[in-house]
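The values are calculated or read from the model by the stated rules, or taken from the named source; none is laboratory data. Values in this document were obtained by computation on a predicted structure and should not be read as measured data. All Cβ positions, even for glycine, are placed from backbone atoms using ideal geometry, and neighbour counts span all protein chains on display. To get the accessible areas, we keep the full protein, side chains included, count just its heavy atoms, and leave off ligands, DNA and RNA. Shrake-Rupley method; radii C 1.70, N 1.55, O 1.52, S 1.80 Å.
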Amino acid sequence: MFWVQLLFRHAYVQKILAMDSIIGGISKSVRHGQAVCLRSFFSQCANHSARKLVLGIETSCDDTGAAVLDDSGNILGEALHSQTEVHLKRGGIVPPVAQQLHKENIEKIVKEALDTSGISPNELSAIATTVKPGLPLSLGVGLEYSLRLVKQYKKPFIPIHHMEAHALTIRLTNQVEFPFLVLLISGGHCILAVVQGVSDFLLLGQSLDIAPGDMLDKVARRLSLTKHPDCCSITGGKAIEYLAQKGNRPDYNLKHLMQRHVNCNFSFSGLQTNVTKLIMQKEMEEGLQEGQLLSSVADIAAAVQHAVALHIAIRTHRAILFCIKSGVLSPTNATLVVSGGVASNQYIRRALQSVTDATDFALLCPPPRLCTDNGVMIAWNGVERLHAGLGVLHNIESFRYEGKAPLGIDISAKVEESAIRIPQLDITF
């Protein structure tokens, strides 16, 4: 009977994941009344007899998230409060405002996740919380609240690196073994790394200035897309993606980025400068003031999105070739995982699919709702660390958050020394 129930449950999970890819969004509050198993049934067989429970808390930027998971990957309870609408009206995230909204919502969100799970704080095996990197004011709210819970209920504390959590989320939804290549693209980061273990990363490249999500948001603000009738309630990067579908990209040929640099680092500030100059030129041609909508706004959006996708695809292609050449990854059954908020951009995904098709890598992305910030990924990272016995703290005196924090061992210099040239791919859709 146990095996029949387990197989049925596994089929139900696949249905849930399929539905998730269709929905593709995050509501202000996400509730899971039933436990949803996101691991394979083999994992459940090994662990069903000794269940551990982890509460995850996320406040690194502008989303207040909490979730309770067991060590088989069942999401027992989840809640999320998004600040998107507030910051959209202000033209960007304002750290003190984000901090205040976290303070107003964190207790309610954690209580909702616990209530939905049917788990009391006393039953928890550990509490995992994002402590780095992120907005310091936001991180401080989550850490302070978590440490109060840890002291009150005498639970182990698991500090979480936000980007590590994004990288490992795929192991919650798919059967992915170490090592694998990960691309983390969001509003705050752009990172290429090899994931060798739960807390074992080799950094191949990262953004030298701003992140792609941040750049797209700034371009959207400069184009005043909140005044566009179709984009008034859509955040910057999503507005760019939406309008780009209607635009004619070849009308504006933006220069490829960092063509002379044979490494895996990224740079988006130069593209932002070029786009700003292009917008100013078009405003002069149309006799418009800053803040007024250009007639060519969709064409510019398409050109910007393509330039970002091409830059990301080229650097990722080099990372793949380096991993194969250096033996860091085996070319057999190799996987590229893409996660973070910008990973939900379908144009960028198609560009990366072109790269993985050419290199015989599998391309995997978590469901859209798990690509953006959430409590589930923090709780799952806590489960992974609990299993591995890594970073589980029983003494939390003088613990501090970190606004900036590196991920793994930096071997980007070795990538550049390899001087790998990239064969040209057709990334045109």
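For the stretch 388-429, which positions are under 14 Å from Leu203 (Cβ atoms) and not in a loop (DSSP other than H, G, I, E, B)?
Ile409, Asp410, Ser412, Ala413, Lys414, Val415, Glu416
Looking at (1) surrounded by 14 or more Cβ atoms within 10 Å (Cβ to Cβ); (2) free of Cβ contacts under 8 Å to residues at least 24 places away in the same chain, find the lone condition where Pro406 falls short.
(2)
When residues of the stretch 86-108 are filtered for being in contact (Cβ under 8 Å) with a residue 60 or more places away in the chain and either within 21 Å of the chain's Cα centre (by Cα) or not assigned by the TED database to the domain that holds Thr169 (or both), how many remain?
Kept after step one, since they are in contact (Cβ under 8 Å) with a residue 60 or more places away in the chain, are these residues of the stretch 86-108: 88, 91-92.
If we keep only those that are either within 21 Å of the chain's Cα centre (by Cα) or not assigned by the TED database to the domain that holds Thr169 (or both) too, we end up with 88, 92.
Number satisfying all stated conditions: 2.
Is at least one residue of the stretch 223-240 among the acidic types (Asp, Glu) and within 22 Å of Thr273 (Cβ to Cβ)? Give the derivation first.
At the first step, the residues of the stretch 223-240 found to be among the acidic types (Asp, Glu) are 230.
Right, trim to within 22 Å of Thr273 (Cβ to Cβ) and you get none.
No: zero hits.
Which of (1) open to solvent by less than 30 Å² (accessible area, probe 1.4 Å); (2) in a helix (DSSP H, G or I) is the odd one out, the single condition Ile160 does not satisfy?
(2)
Only residues that are open to solvent by less than 10 Å² (accessible area, probe 1.4 Å) and without any contact (Cβ under 8 Å) to a residue 40 or more places away in the chain: list them for the stretch 352-368, please. Full working, then the answer.
Going through the stretch 352-368, the residues open to solvent by less than 10 Å² (accessible area, probe 1.4 Å) turn out to be 352, 355-356, 366.
Passing the criteria: only Thr356.
Please state which of the following conditions Cys371 fails to meet, knowing it meets all the rest: (1) open to solvent by 30 Å² or more (accessible area, probe 1.4 Å); (2) touching a His at 6+ places or on another chain (Cβ under 9 Å); (3) not aromatic (Phe, Trp, Tyr).
All conditions are met except number (1).
Restricting the search to the stretch 365-402, which residues are closer than 30 Å to Gln353 by Cβ and not hydrophobic (A, V, I, L, M, F, W, C)?
Selection gives Pro366, Pro367, Pro368, Arg369, Thr372, Asp373, Asn374, Gly375, Asn381, Glu384.
Collect the residues in the stretch 106-142 that are surrounded by fewer than 22 Cβ atoms within 10 Å (Cβ to Cβ) and in contact with a His (Cβ under 7 Å, 6 or more places away or on another chain), keeping them in residue-number order.
Thr116, Pro133
Would you point out which residue out of Ala388, Ala405, Ala334, Ala362 is closer than 30 Å to Tyr145 by Cα and within 22 Å of the chain's Cα centre (by Cα)? Reasoning before the result, please.
Details: Ala388 fails: within 22 Å of the chain's Cα centre (by Cα); Ala334 fails: closer than 30 Å to Tyr145 by Cα; Ala362 fails: closer than 30 Å to Tyr145 by Cα.
The match here is Ala405.
Name, by its number, the condition in (1) in a helix (DSSP H, G or I); (2) within 22 Å of Ile240 (Cβ to Cβ); (3) open to solvent by 10 Å² or more (accessible area, probe 1.4 Å) that does not hold for Thr316.
(3)
Residues of the stretch 68-87 being within 21 Å of Gln100 (Cα to Cα) and at pLDDT 95 or above, which ones? Break it down stepwise before answering.
Taking the stretch 68-87 and keeping what is within 21 Å of Gln100 (Cα to Cα), we get 79-87.
Scanning the stretch 68-87 gives Ala79, Leu80, His81.
Determine whether Ser398 is within 30 Å of Val150 (Cα to Cα), of a type outside the set (D, E, K, R), open to solvent by 20 Å² or more (accessible area, probe 1.4 Å) and modelled with pLDDT under 95. Talk me through it step by step, then tell me what you get.
Working: within 30 Å of Val150 (Cα to Cα): yes; of a type outside the set (D, E, K, R): yes; open to solvent by 20 Å² or more (accessible area, probe 1.4 Å): yes; modelled with pLDDT under 95: yes.
So Ser398 fits the description; yes.
Tell me whether the stretch 152-170 contains one or more residues that are in contact with a strand residue (DSSP E or B) (Cβ under 7 Å, 6 or more places away or on another chain), more than 26 Å from Arg400 (Cα to Cα) and among the hydrophobic types (A, V, I, L, M, F, W, C).
Yes, the stretch 152-170 contains at least one residue that is in contact with a strand residue (DSSP E or B) (Cβ under 7 Å, 6 or more places away or on another chain), more than 26 Å from Arg400 (Cα to Cα) and among the hydrophobic types (A, V, I, L, M, F, W, C).
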